[in-house]
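Some notes on the structure that comes next.
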Amino acid sequence: MATSVSTRVTDGTTTVDVTGVFLGTPWPFVHVRYLMQEISTWKSDQLQSVAVNSRYILDGFIVRQEWDLFDRGTDGLEAYRLQGKTLADIRRKFPTFVGHWDPADFGQPWIEDYRVAGAERRPDLDLPASSVRPDLRSPLALAFYWSRRIPGTGQAASVFLPGFKRNKRVDLTIAAADPPRDGRRLWQTSVRYPTLSMTVASTAKAWVSVDGHLLELAGSVEGANYTAYGVVRQESCTGTAENH
């Protein structure tokens, strides 16, 4: 995982860019590679846009690659999608975007090319204005950026799930697990979601240093017939943590 954060001096817009590569072996001799990038923009702590690039590769074979963009408008977050099952499909539908097909180029800038490539407008993926709350967060930005700025009393958060056709928002309560100790604080939350398990809660935990650095994330995902666990630990960090 890698996260970069930048703020534009001219208008105060902050961009949070999170990229990750997940490897798994769900069955013997079957190898899954899942690549995810989320680029979100914020102004006065309000979500302005989310761009998501996700790629699913099974034993070296590209199963799915799609690029979604959600722009804030008067009717909420308005969705656009660009996808193709094969390189030939992308060449035919979006010839000016074909240079972004190769997974080896994952993580390279793509939004400017996307905006002129002719992505399909997808109203079915919109988040309507009635669901856009002031505390709305995108998943990876919440985990890797906003988790560092949770107040000491904890907080509620609404999470937008980009690309979902139903149940597009999840409301969470984030609470401190115990008082700060050893120079760090543990935050935790849980959720029940229809496509996961409504009986057993999925969980997420974040360890944040007292000076505002994200140290570790851990989580469990509970499905109807499976349980998955994951841990992300900080290896390096450049720049200065911001506390507001």
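The values are calculated or read from the model by the stated rules, or taken from the named source; none is laboratory data. What you see is a predicted model, and the numbers here were worked out from it, not measured in a lab. We place every Cβ from the backbone using ideal geometry, glycine too, and count neighbours over all the protein chains shown.
Brief remarks on what is shown
- Here segment 148-177 is the region considered, the condition is being within 20 Å of Arg233 (Cα to Cα) and part of a loop (DSSP other than H, G, I, E, B), and the residue that is modelled with the lowest pLDDT is Ala177.
- Pick from segment 8-22, criterion surrounded by 10 or more Cβ atoms within 10 Å (Cβ to Cβ) and either farther than 13 Å from Gln46 by Cα or among the basic types (Lys, Arg) (or both), ranking: farthest from the chain's Cα centre (by Cα): Arg8
- For segment 47-54, the count of residues that are surrounded by fewer than 15 Cβ atoms within 10 Å (Cβ to Cβ) and in contact (Cβ under 8 Å) with a residue 40 or more places away in the chain is zero.
- Condition met for Thr189 (surrounded by 14 or more Cβ atoms within 10 Å (Cβ to Cβ), out of contact with any Phe, Trp or Tyr (no Cβ under 9 Å at 6 or more places or on another chain), of a type in the set (Val, Ile, Thr) and without any contact (Cβ under 8 Å) to a residue 40 or more places away in the chain): yes
- Qualifying residue in segment 86-96 (condition: basic (Lys, Arg) and surrounded by 18 or more Cβ atoms within 10 Å (Cβ to Cβ)): no
- Taking the criterion of being hydroxyl-bearing (Ser, Thr, Tyr) and farther than 25 Å from Leu23 by Cα, the residues of segment 42-88 that qualify are Ser44, Ser49, Thr74, Tyr80.
- Hey, Thr199 closer than 25 Å to Arg133 by Cα and among the β-branched types (Val, Ile, Thr) or not: no
- In segment 55-85, the residue that is surrounded by the most Cβ atoms within 10 Å (Cβ to Cβ) out of those that are farther than 26 Å from Thr25 by Cβ and among the hydroxyl-bearing types (Ser, Thr, Tyr) is Tyr80.
- Test: residue in segment 48-60 that is under 27 Å from Thr227 (Cβ atoms) and among the acidic types (Asp, Glu): yes
- Only one entry of Ala176, Ala218 meets the criterion of being touching a Gly at 6+ places or on another chain (Cβ under 8 Å) and within 21 Å of Leu23 (Cα to Cα), and that entry is Ala218.
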